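Visitor: My questions will all concern the structure given below.
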Amino acid sequence: MKFNLKIWRQKNAQAAGKMVDYTIDNINADMSFLEMMDVLNEELIRKGEEPVAFDHDCREGICGMCSMHINGRPHGPLRGTTTCQLYMRNFTDGETIYIEPFRANAFPIIRDLVVDRSAFDRIMQVGGFVSVNTGQVQDANNIPVVKADADLAMDAASCIGCGACVAACKNASASLFVGAKISQYALLPQGRIEAKERVLAMVNQMDEEGFGSCTNTGACEAECPKGISLSNIARMNREYYSASIS
Amino acid sequence: MSVLDSKIPDGPLETKWTDYKSHVKLVNPSNKRKLEVIVVGTGLAGASAAASLAELGYKVKAYCYQDSPRRAHSIAAQGGINAAKNYKNDGDSVFRLFYDTIKGGDFRAREANVYRLAEVSANIIDQCVAQGVPFAREYGGLLDNRSFGGAQVSRTFYARGQTGQQLLLGAYSALSRQIGIGNVEMFSRHEMVELVNIDGKARGIIARDLKTGKLERHFGHAVVLATGGYGNVFFLSTNAMGCNVTAAWKAHKQGAFFANPCYTQIHPTCIPVSGDYQSKLTLMSESLRNDGRVWVPKKQGDKRKPQDIPEDERDYYLERKYPSFGNLAPRDIASRAAKEACDDGRGVGESGLAVYLDFADAIKRLGKSVVEARYGNLFDMYHHITNEDPYEVPMRIYPAVHYTMGGLWVDYNLMTTVPGLYATGECNFSDHGANRLGASALMQGLADGYFVLPYTIGDYLAGEIFTKSIPTDHPAFDAAEKAAAERINKLLAVKGNRTVDDFHKALGKIMWEYCGMARSSEGLTKAQAMLKQLREEFWSDVRVTGGANELNVDLEKAGRVADFIELGELMVTDALSRNESCGGHFRVEYQDEGEAKRNDQDYAYVAAWEHKGVGQQAALHKEALKFENVKLATRSYK
């Protein structure tokens with residue numbers, strides 16, 4: 001297969017970036033998208049040019065490190081798929097593919113396709129936990145959890161923190177990411193103790209980091225590689241309002 | 001060889017750890033505030049240690065090469081975590097978990113460490129549940145379990161096929177809390193490139209800020225390496241792309257002995273290689289073997305579609321060879337059996353390097369919805385990668401490098417041979433012997449970080465309360481930074497013709513061919529010469545683009561591959577010196593009709609290697625393994 005690639009190149013955070021054209025040939029349909037990028041980078045290095053910097057690590061769709069905007073969509077054209085789990089068979093021979101970084105004010109570009117998502121970590125640091133020190137706990141089965149709640153909590157906890165929800169949102173809102181974490185704890189008895197402080201602190205930090213408000217359009221859910229449900233945002237809002245007035 | 005003191009406490013196995021904890025030196029809270037601990041790596045072992053040490057009051061600095069501590073590769077573990085809770089009332093106990101682990105490791109692990117691991121396993125589950133980890137539950141609201149290889153009880157706790165993710169996010173949440181409070185200073189996108197030794201003690205690290213390329217100096221009263229395993233020496237493995245041996249290797253070059261480097265785990269159920277361009281391999285969880293049946297055609301070269309091969313022309317070889325464990329035979333054994341079937345010309349798929357993992361019976365017995373609930377995300381992953389639907393056709397699987405049992409040598413305190421330098425989790429060698437059982441890596445990482453290191457590090461730090469923080473303009477920091485900078489400049493200065501990946505692939509090929517699933521004296525000797533040549537070619541012909549003072553992925557990879565080549569040489573040396581087969585180390589000269597043949601008389605020891613210079617023969621130190629509570633037996637799963 002042959003592709004025309006238009007890739008965002010930007011030397012560093014300060015430099016101006018631009019789209020650069022590349023053509024790549026002899027691509028096998030069973031290659032993953034990132035393997036196609038590897039092939040491109042090998043070619044660039046052989047030519048003495050600098051390879052395209054992009055984030056990636058596990059290549060199994062679970063670490064949340066890969067983050068490209070492909071043809072205008074975070075993680076590309078397939079639903080429920082991270083960039084690393086995308087295969088070239090999902091594209092048409094001869095196609096032009098646009099590859100950009102995730103774009104949001106709260107995710108500044110570091111280089112090429114690499115962005116800084118540490119804002120997510122800072123949101124977690126103000127409340128994304130249960131305050132329990134190592135060792136000060138009871139037997140695990142002393143905390144029974146209704147199976148349906150445990151399953152819903154697990155659905156929410158499946159979030160990989162990649163930031164596709166932010167990149168998909170026209171307001172660059174982090175509501176789906178924050179809502180998923182709030183929901184996981186809100187649904188479990190372990191998390192109820194601090195539920196109020198948690199939701200207030202995390203929502204406040206989300207605003208501080210420069211993420212926008214929820215648009216209610218559902219673009220985040222549509223683009224989430226893990227299918228995190230919009231209902232988590234509703235749960236976050238309910239938790240937030242009840243925490244605000246009680 | 002007297003330097004290797006494992007510091008195993010006296011007394012009966014069952015009370016060693018309890019007695020140790022009652023007598024270990026303590027550091028009072030006001031002194032803890034003055035003591036700084038560096039933790040490199042934020043996977044299960046690192047994040048849990050950093051959080052727990054900070055909770056105790058130490059000043060902690062944590063480092064990871066990823067953009068966030070939440071992305072460490074522990075996150076990719078699928079199947080589960082073992083714990084001797086006996087919630088199933090099926091006869092489990094601390095001793096049984098201990099025994100299964102020792103036996104699973106083919107009697108090449110240290111009894112006292114393994115017993116301690118089994119003992120604290122139950123605490124881990126309690127801790128994780130309290131943190132809000134959403135483990136699978138039964139309808140009564142209590143925790144569910146499943147079975148894993150090498151055990152006859154159900155002691156594996158799980159969170160769908162994403163157990164590692166949930167446990168890591170639990171540890172990450174504890175770490176985040178401590179970062180928020182200000183007890184942990186977090187350095188993401190940082191890679192340790194040198195260890196700083198002052199007067200024979202580990203006193204800090206040189207870390208490279210991967211965003212700017214700047215070399216930074218960081219002091220610690222103690223340094224903990226929780227940097228994972230070295231499976232990427234094979235180029236293709238189930239490890240994440242960034243997993244590397246660099247931190248451990250720098251420590252090794254600074255005096256930390258490296259133990260049993262040849263013990264590598266080849267996992268039986270991975271998606272087979274599909275082409276030269278392949279960058280990594282994907283594991284299919286061992287839990288699939290609870291319900292999937294492994295088979296190949298009985299006839300050689302049978303190219304029919306799997307559904308066209310009638311039942312009596314199929315060889316369910318694990319069930320045939322190991323009737324009592326069947327498809328749940330341990331990993332090393334299942335992998336070798338797959339290789340044997342393929343070597344025999346009965347492999348399936350285009351390459352002939354695959355076997356079937358078939359769910360047709362399970363779907364018939366349980367219904368598609370039950371199978372989907374148990375393994376849905378794994379089936380989807382398989383479908384994505386191979387473009388085949390495993391609900392309709394059997395999965396094709398083949399063994400792949402997955403885990404490394406070898407690692408930095410540590411004593412009972414998890415301290416390496418460098419005072420003040422600790423190694424935890426996969427980075428050390430201590431608990432899994434020559435083969436690790438499924439669902440035990442998560443257990444060990446969290447055991448070390450939550451429940452072992454927070455006690456044992458106090459024993460050392462109690463003696464450091466009068467040591468003031470050493471300023472980083474100390475000559476030892478100068479020297480370490482200079483060494484790191486010189487190496488980087490050297491890599492950039494070669495300006496040769498071959499890419500880093502090209503060398504990495506060549507290295508992987510040598511290692512897989514000669515130091516993989518089957519090893520021989522002849523092959524290993526050949527590999528030694530090939531690796532030496534590869535190292536020399538690397539340093540004269542590698543091409544690294546870009547500069548030192550910027551985000552430079554090519555340079556990062558180059559440094560890691562350079563270390564992997566040196567490690568490869570040590571692995572081959574180790575494999576060659578161990579004239580027996582045990583666990584994942586299979587020497588073709590030593591076998592009983594395909595089963596590993598141990599030699600307890602001569603090889604019941606840990607091989608700990610001392611670095612003597614690049615290209616020089618490393619010095620072997622032996623730690624004899626004493627088995628006082630289990631009888632050495634031929635490992636049988638028949």
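Every number here is computed from the coordinates shown, using simple stated rules; none is lab data. Source: prediction; values computed, not measured. Heads up, the Cβs are rebuilt from the backbone with ideal geometry, glycines too, and the neighbour counts pull from every protein chain shown.
Visitor: In whole angstrom, how far apart do the alpha carbon centroids of region B:322-362 and region A:174-246 sit?
Guide: So the two Cα centres are separated by 46 Å.
Visitor: Over the alpha carbons of region B:470-589, what is the largest minus smallest coordinate on each principal axis, giving the biggest first in Å?
Guide: 53, 40, 21
Visitor: Given the convex hull over the Cα atoms of region B:142-188, what projected area results after averaging over all orientations, in nm²?
Guide: In nm², the orientation-averaged hull projection of region B:142-188 is 5.3.
Visitor: Which whole number in µm²/s is D for region B:425-523 by Stokes-Einstein, with the Kirkwood Rh taken over Cα pairs at 10 °C and 1.306 mPa s?
Guide: 83 µm²/s
Visitor: Quote the relative contact order of chain B in percent (integer), defining contacts as alpha-carbon pairs under 8 Å separated by 6+ residues.
Guide: The value is 21 percent.
Visitor: On to the next question. Taking only C-alpha pairs under 8 Å that are 6+ residues apart, what is the relative contact order of region B:242-326 in percent?
Guide: Relative contact order here is 18 percent.
Visitor: Nearest-5 percent of antiparallel DSSP beta bridges in chain B?
Guide: Just about 70 percent of them are antiparallel.
Visitor: In Å, what Rg and Dmax follow from the Cα atoms of region B:1-53?
Guide: Both quantities, over Cα of region B:1-53: 15.1, 39 Å.
Visitor: Once the Cα atoms of helix A:147-157 and of chain A are each reduced to a long axis, what angle between those two axes, in degrees from 0 to 90 to the nearest 10, is obtained?
Guide: Here the helix axis deviates by roughly 40 degrees.
Visitor: Another question, then. Can you give me the orientation-averaged projected area of the convex hull built on the Cα atoms of region A:116-176, in nm²?
Guide: 5.9 nm²
Visitor: Could I ask something else about it? What is the helix-to-structure angle for A:195-208, meaning the angle in degrees between its Cα long axis and the longest Cα principal axis of chain A, kept from 0 to 90 and rounded to the nearest 10?
Guide: Rounded to the nearest ten degrees, it is 30.
Visitor: Using Cα pairs under 8 angstrom and six or more residues apart, how large is the relative contact order of chain A, in percent?
Guide: Contact order relative to length: 20 percent.
Visitor: Turning to a different aspect of this structure: Take every DSSP beta bridge with both residues inside the protein assembly as shown and express the antiparallel ones as a percent of the total, to the nearest 5.
Guide: Approximately 70 percent, going by the DSSP bridge assignments.
Visitor: May I ask you to work out the translational diffusion coefficient for region A:192-235 at 20 °C, viscosity 1.002 mPa s, via Stokes-Einstein with Rh from the Kirkwood sum over Cα pairs, reported in whole µm²/s?
Guide: 178 µm²/s
Visitor: Hey, what number do you get for chain A at 222 nm if only DSSP H runs of n ≥ 4 count, each worth -39500 (n - 2.57), divided across all residues, to the nearest 500?
Guide: Result for chain A, helices only: -10500 deg cm²/dmol.
Visitor: Please express the shape of region B:493-538 as an equivalent ellipsoid: the semi-axes are the square roots of 5 times the eigenvalues of the C-alpha gyration tensor, given largest first in whole angstrom.
Guide: Each semi-axis is √(5λ); the values are 24, 11, 5 Å.
Visitor: Among the complete DSSP H segments of chain B, which ones combine at least 24 Å of alpha-carbon extent along their axis with a mean Kyte-Doolittle hydropathy of -0.5 or more?
Guide: TM-like helix candidates: B:111-131, B:163-181, B:475-494, B:553-577.
Visitor: I'd like the mean, over residues of A:181-190, of how many other protein chain beta carbons sit within 10 Å of each residue's own Cβ.
Guide: 3
Visitor: Here's another thing I want to ask about it. Mind pulling up the Rg/Rh value for region B:353-394? Radius of gyration and Kirkwood radius, both on Cα.
Guide: 0.96
Visitor: In region A:1-91, which GluC sites (Glu not before Pro) fall in coil by DSSP and have 16 or fewer other Cβ atoms within 10 Å?
Guide: Filter output for region A:1-91: A:49.
Visitor: What is the order of B:491, B:168, fewest Cβ neighbours within 10 Å to most?
Guide: Going from sparsest to densest Cβ surroundings: B:491, B:168.
Visitor: Mind jotting down the three principal axis lengths of region B:1-159 based on Cα atoms? Whole angstrom, largest first.
Guide: 47, 42, 29
Visitor: Now, a different point. How far is the Cα center of region B:86-118 from the Cα center of region B:446-481, in Å?
Guide: Computed from Cα coordinates, the inter-centre distance equals 31 Å.
Visitor: Using the Kirkwood radius over C-alpha pairs as Rh, can you work out the diffusion coefficient of chain B via Stokes-Einstein at 20 °C, viscosity 1.002 mPa s, in µm² per second?
Guide: In µm²/s, the coefficient is 86.
Visitor: Between helix A:231-245 and chain A, what is the angle of the helix's C-alpha long axis to the longest principal axis, kept within 0 to 90° and rounded to the nearest 10?
Guide: It works out to around 40 degrees.
Visitor: Normalise the Debye intensity by I(0) for chain A, one equal point scatterer per Cα, no solvent, then take log10 at q = 0.10, 0.11, 0.15, 0.16 Å⁻¹ and round to two decimals.
Guide: Those come out to -0.54, -0.63, -1.02, -1.11, one per q.
Visitor: Here's something else I'd like to know. Rg and Dmax of region A:117-245 over Cα atoms: what are they, in angstrom?
Guide: Rg then Dmax for region A:117-245, in Å: 14.5, 46.
Visitor: Beta carbons within 10 angstrom, averaged per residue: use that to sort the peptides B:435-448, A:132-145, B:335-348, A:155-168, highest first.
Guide: B:435-448, A:155-168, B:335-348, A:132-145
Visitor: Could you give me the percent of Cα pairs per 10 Å distance bin for region B:277-319, shortest bin first, beginning at zero and ending with the bin that holds the maximum distance?
Guide: Per 10 Å bin, starting at zero, the Cα-Cα P(r) for region B:277-319 comes out as 22, 38, 34, 6 percent.
Visitor: Can you pull the semi-axes for the protein assembly as shown, root of five times each eigenvalue of the Cα gyration tensor, sorted largest first, whole Å?
Guide: 35, 33, 31
Visitor: At 222 nm, what value in deg cm²/dmol follows for chain B if DSSP H runs of at least 4 each add -39500 (n - 2.57) and the sum is divided by all its residues, to the nearest 500?
Guide: -11500 deg cm²/dmol
Visitor: Another question, if that's okay. Using a simple charge model, +1 on the beta-carbon of Lys and Arg, -1 on the beta-carbon of Asp and Glu, nothing else, what dipole does region B:266-399 show about its Cα centre, in debye to the nearest 20?
Guide: The dipole of region B:266-399 has a size of about 240 debye.
Visitor: What average count of beta carbons from other chains do you get within 10 Å of the Cβ of residues in A:50-57?
Guide: Counting Cβ atoms of other protein chains within 10 Å of each residue's Cβ and averaging gives 6.
Visitor: Mind checking Rg over Rh on region B:312-368, alpha carbons, Kirkwood formula for Rh?
Guide: Value, to two decimals: 1.00.
Visitor: Given the peptides A:186-196, A:225-235, arrange them by the average over their residues of other C-beta atoms within 10 Å, most packed first.
Guide: Descending mean neighbour count gives A:225-235, A:186-196.
Visitor: Additional query: How long is the gain from residue B:539 to residue B:632 if the chain were fully straight, where each residue apart is worth 0.36 nm and the alpha carbon distance is subtracted?
Guide: In short, 28.9 nm is gained.
Visitor: Return P(r) of region A:1-145 (all Cα-Cα pairs; 5 Å bins starting at 0; whole %; ordered from short to long distances).
Guide: Over region A:1-145, the share of Cα pairs per 5 Å bin runs 2, 9, 15, 20, 17, 11, 7, 5, 5, 4, 3, 2, 0 percent.
Visitor: Please report, in whole Å³, the volume per residue of the convex hull around the C-alpha atoms of region B:266-399.
Guide: About 106 Å³ per residue, rounded to a whole number.
Visitor: Once the piece of chain linking residue B:485 and residue B:26 is laid out straight, how much longer is it, given 0.36 nm per residue of separation minus the C-alpha distance between them?
Guide: 161.4 nm
Visitor: How much of the pair distance distribution for region B:172-212 lies past 16 Å, counting alpha-carbon pairs only, in percent?
Guide: 54 percent
Visitor: Give the percent of DSSP beta bridges with both residues in region B:475-624 that are antiparallel, rounded to the nearest 5.
Guide: Once the DSSP bridges in region B:475-624 are tallied, antiparallel ones form about 75 percent.
Visitor: While we're looking at this one, here's another question. In whole angstrom, how far apart do the alpha carbon centroids of region A:54-130 and region B:512-581 sit?
Guide: Their Cα centres are 32 Å away from one another.
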